[in-house]
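The values are calculated or read from the model by the stated rules, or taken from the named source; none is laboratory data. Model, not experiment: these values are computed from the prediction. Positions of Cβ are generated from backbone atoms using ideal geometry, with glycine treated the same way; all protein chains shown enter the neighbour counts.
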Amino acid sequence: MNTISYGLLIALAIALLIAAFTDLRRRQIDNWLNALIAIGAPVFWWSSGLALWPEVAIQVGVAFAAFAVLAGLFALKVMGGGDVKLLTVLALWVPPYEFLQLLVMMAIAGGVLTVLLVFWHTARRQRDRIAVPYGVAIAFGALWVLAQNYLPAAMIANQAA
């Protein structure tokens, strides 16, 4: 990986933190942020040296498949639109196996977040429906995957220099 790739990963990490913060605060992930993440993916592919066939094709295919499944969850009102878009554009960035890691970590973080919100909601004796800011869990899962799969390489490169 080169400096451009690491710079793009840092930009992605910042975008994920913004997504988590805005979802926590407003229960919304802005379209401009998802679009920016999507636009960054082809630059990341280029800087990482991914071949159009089969690597980029696989990335796009996984993103389409993720969108199809997640759009179904949105139609069932299980998932928010911003969450669907954020996961779809993240599928453009990470290889399929790492995307599965992201989904697992997201599910664990989402479960913990939901339990914490239920306790908080109960402690405050609120009766309205709990709105879980799942963008926080998505960001956690994505940041975990980035740290696990890209950070060690950066640390080894810095130690060798």
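Does LYS85 fit the bill of being within 22 Å of ALA11 (Cβ to Cβ) and among the charged types (D, E, K, R)?
Taking the combined requirement at face value, the residue satisfies it.
Identification of helices (runs of 4 or more DSSP H) wholly contained in region 20-107 with 2 or more residues that are within 15 Å of TYR134 (Cα to Cα) yields 57-75, 81-93.
Answer yes or no as to whether MET79 is within 17 Å of the chain's Cα centre (by Cα), surrounded by 14 or more Cβ atoms within 10 Å (Cβ to Cβ) and modelled with pLDDT under 95. Walk me through how you get there before you give the answer.
Values: within 17 Å of the chain's Cα centre (by Cα): yes; surrounded by 14 or more Cβ atoms within 10 Å (Cβ to Cβ): yes; modelled with pLDDT under 95: yes.
So MET79 fits the description; yes.
If you filter region 16-38 down to residues that are aliphatic (A, V, I, L, M) and within 22 Å of TYR97 (Cα to Cα), you find that the one that is surrounded by the fewest Cβ atoms within 10 Å (Cβ to Cβ) is ALA38.
Given the structure, is VAL136 touching a helix residue (DSSP H, G or I) at 6+ places or on another chain (Cβ under 7 Å), β-branched (Val, Ile, Thr), touching a residue at least 24 places away in the same chain (Cβ under 8 Å) and in a helix (DSSP H, G or I)? Against the criterion (touching a helix residue (DSSP H, G or I) at 6+ places or on another chain (Cβ under 7 Å), β-branched (Val, Ile, Thr), touching a residue at least 24 places away in the same chain (Cβ under 8 Å) and in a helix (DSSP H, G or I)), VAL136 qualifies. For region 64-110, residues that are within 18 Å of GLN28 (Cβ to Cβ), β-branched (Val, Ile, Thr) and without any contact (Cβ under 8 Å) to a residue 12 or more places away in the chain total 1. Quick check on region 43-53. Is at least one of its residues under 20 Å from GLY141 (Cα atoms), crowded, with 17+ Cβ neighbours inside 10 Å and not hydroxyl-bearing (Ser, Thr, Tyr)? Within region 43-53, one or more residues are under 20 Å from GLY141 (Cα atoms), crowded, with 17+ Cβ neighbours inside 10 Å and not hydroxyl-bearing (Ser, Thr, Tyr).
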